[in-house]
Amino acid sequence: MLTRDTIFALSSGALPSGVAVVRLSGPATADVLERMTGGVPPPRRAKLTAIANGEDLLDRGLCLFFPGPTSFTGEDCGELHLHGGRAVVAAVLEALGSLPGLRAAEAGEFTKRAFLHGKVDLTGAEALSDLIAAETEAQRRFALANSSEQHRMLYDKWRQQLIHARAMIEAELDFADESDVPGSVAETVWAELTDLRAAIAAHAASYRDAEILRDGFQVVILGAPNAGKSSLLNVLARREVAIVTDEPGTTRDILEVNLDIGGMKLVLTDTAGIREARGRVEAIGIERSLARAERADLVLLLEDAAAPAPFRGLPDRPRLRVGNKSDLLVGQSPDYDCLISTTTGDGLDRLLDLLRERSAGYQERAGEILPFRARHVALLNEAVESLDTALHGIPEDLELRAENLRLASVALGRVCGDIDVEDLLDTIFSSFCIGK
């Protein structure tokens, strides 16, 4: 794809900063560098230079040039490394915007151009967005693994199997009298396609693990009023997130904090105390608490170990039974998975170890090939449905069954952007940050 305009954007993040990087991409890049710095540096070599708008000196910094097609976007690209003051950057961006044929880049437009020029596939582009947003070691490893060619290689292998199967079927239809064409595909092709269908379905089903790696392991603290749920949230967050009082029902809404536990993102949620509600507002808070717990990857069932008040109606989710206020126990050893005191800090290291153990299995999958977007899963399931239709079709209707194999291969091709994705591009790249 050829583009006529040249785009620019600040790509280095919030200001002020030590250094700010302004990125350009498009056919006018070399002319812009020539005009603003007095010359184009050798490819991929930094040049210290004055950066000016005509006679107006804007800054002194580094200039780099990356000629296409051996650049990130596949076009001529340039970078101006400036001092990271707001006024400096604003002056340079204003100067660029005043030049003919230049415009400010839209969100994700650099990566979109890289895709359109064949530098990255859609899954790789989406993984780059995740890499920028990564907060923990597991997220970084997962995004970096996904930015490679491994998804394309897997889906292309499956597509080739489908293409081969279609070729065998169509050969039987068109050349049944030829001696070198198998007389029946039932025992060869359909058995292979049954195995392929199972592999794609299992792959699609692994999305939940990928979702946990990307968005975090969801832990919900559930318990009676005054069990210490908000105190536990504050202690683990190491800041005052929730209001803590002796009055039951203080917490009426859901509060969340993100923690990094052993390199894994953990989303810890404080909820309203579970009891017979004293008012409509509290009742709504309790309903929300139980609804959130239904979607949790782990429930921390917190009890006041000195005066336990167990309750019924717990969601059927994995759980840890945690006893709080161990500092108030005298000669008692209640049976809990973990006994803690949010006042003294006793037992909190043990609780963190348990949380680390419960989430470790997901972290171990960070290097695996998993579908990591709902878009991927929808297309994979579409391929499975088409394969189901082909596998269970009327044996004599080979034309229709072959058509369903074609639809399955098209769905796989759309995952990486090999087939018909124009309608998706704006949606996918609009979630990127400006300058990427």
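Couple of notes before you dig in:
- By the combined test of axial Cα extent (at least 15 Å) and Kyte-Doolittle hydropathy (mean at least -1.0), the qualifying DSSP H helices of the chain come to 86-97, 122-133, 150-174, 189-205, 280-294, 348-363, 374-391, 398-416.
- Taking a ≥ b ≥ c as the square roots of the eigenvalues of the Cα gyration tensor, the chain is classed as oblate, since a/c reaches at least 1.5 and a/b does not exceed b/c.
- Protein-only accessible surface order, largest first, of Ile254, Ile163, Ile286 at 1.4 Å: Ile163, Ile254, Ile286
- When the alpha carbon gyration tensor of the range 78-162 is reduced to an equivalent ellipsoid, its three semi-axes come out at 35, 19, 8 angstrom, largest first.
- About the centre of its Cα atoms, the chain shows a dipole size close to 1820 debye [charges on the beta carbon of Lys, Arg (+1) and Asp, Glu (-1) only; nearest 20 debye].
- Close amide H pairs (under 5 Å, H built 1.01 Å from N) link Leu370 with no residue at least 5 positions away or on another chain.
- Exposure of Phe72 as accessible area (Å², to 10), given a probe of 1.4 Å and all protein chains: 80
- The chain - percent of accessible surface contributed by carbon and sulfur, probe 1.4 Å: 51
- Taking every protein chain into account, the accessible area of the range 278-418 amounts to 50 square angstrom per residue (probe 1.4 Å).
- The eigenvalues of the Cα gyration tensor, multiplied by 5 and square-rooted, give the range 286-352 an equivalent ellipsoid with semi-axes of 23, 13, 10 Å from largest to smallest.
- Applying the criteria of a DSSP loop state and at most 12 other Cβ atoms within 10 Å to the GluC sites (Glu not before Pro) of the range 26-83 yields Glu55.
- GluC sites (Glu not before Pro) within the range 284-369: DSSP coil, no more than 14 neighbouring Cβ in 10 Å: Glu364, Glu368
- Annotation: the antiparallel percentage among DSSP beta bridges lying fully within the chain is about 60.
- If the segment from Leu354 to Leu93 were pulled out straight at 0.36 nm per residue, it would be longer than the present Cα-Cα gap by 88.9 nm.
- Shape summary: the range 1-54 maps onto an equivalent ellipsoid whose semi-axes, from the alpha-carbon gyration tensor, are 20, 17, 11 Å in decreasing order.
- Both radii are taken from the alpha-carbon atoms of the range 29-128; with Rh as the Kirkwood radius, Rg/Rh is 1.00.
- Radius 11 Å from Cβ of Asp297, net charge of other residues (Lys, Arg +1; Asp, Glu -1): +2
- Ligands, DNA and RNA excluded, the heavy atoms of Arg365 present near 60 Å² of accessible surface to a 1.4 Å solvent probe.
- Amide H within-cut-off set for Ala309, under 5 Å, with H built and near neighbours excluded: Asp304
The values are calculated or read from the model by the stated rules, or taken from the named source; none is laboratory data. As the structure is a prediction and not an experimental result, all values here were calculated from the model. Cβ atoms come from the backbone with ideal geometry, glycine included; neighbour counts cover every protein chain shown. For accessibility, only protein heavy atoms count, side chains too; no ligands or nucleic acids. Shrake-Rupley method; radii C 1.70, N 1.55, O 1.52, S 1.80 Å.
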